[in-house]
Amino acid sequence: MKTILLWDPRFPDRRPARLTLEDTVASAAVRAGVAAAANPAEAGALSAGGALDPGLMAEVVLQHGTGNLTRRVFLPYSVALVGAAAGVL
């Protein structure tokens, strides 16, 4: 589980949401450019890998944190596919 700061691409002037997600989804969001590592020590691990397309958006319901709270967010379609392939979304 990694903590990221996730920006909503629909509202770029709003503050990012702080979410704790599975490593694969957190890394995909960082590589797509819609999130940043909340902990600078984890930035290298989260950004490892190829860049993902931030183009098309998909509405996704995420479970985050240790209590599995739900939150509806808009993520790039490429991030949603990575999460679905990993069995997280």
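Among the criteria (1) touching a Gly at 6+ places or on another chain (Cβ under 6 Å); (2) at pLDDT 95 or above, the one LEU89 does not fulfil is (2). Among the residues making up region 20-46, those that are over 20 Å from TYR77 (Cβ atoms) and of a type in the set (S, T, N, Q) are THR20, ASN39. When residues in region 6-36 are screened for being more than 16 Å from LEU52 (Cα to Cα) and either in contact with a helix residue (DSSP H, G or I) (Cβ under 9 Å, 6 or more places away or on another chain) or at pLDDT 90 or above (or both), 10 of them pass. The set of residues in region 40-49 that are farther than 9 Å from ILE4 by Cβ and touching a strand residue (DSSP E or B) at 6+ places or on another chain (Cβ under 9 Å) comprises ALA43, GLY44, ALA45, SER47.
Considering each residue of region 50-59 in turn, none proves to be under 11 Å from LEU6 (Cβ atoms), at pLDDT below 95, in contact with a Leu (Cβ under 8 Å, 6 or more places away or on another chain) and of a type in the set (A, V, I, L, M). Of all residues in region 24-66, those being of a type outside the set (S, T, N, Q), in a strand (DSSP E or B) and either touching an Asp or Glu at 6+ places or on another chain (Cβ under 9 Å) or surrounded by 13 or more Cβ atoms within 10 Å (Cβ to Cβ) (or both) number 8. Of all residues in region 1-23, exactly one satisfies the criterion of being assigned to a strand (DSSP E or B) and without any contact (Cβ under 8 Å) to a residue 24 or more places away in the chain, namely ARG18. Scanning region 67-79 for residues that are in contact (Cβ under 8 Å) with a residue 12 or more places away in the chain and either farther than 15 Å from VAL30 by Cβ or in a loop (DSSP other than H, G, I, E, B) (or both) yields a count of 4.
The values are calculated or read from the model by the stated rules, or taken from the named source; none is laboratory data. Note that the structure is predicted; figures quoted are calculated from it, not measured. Neighbour counts are summed over all protein chains in view; Cβ atoms, including those assigned to glycine, are modelled from backbone coordinates with ideal geometry.
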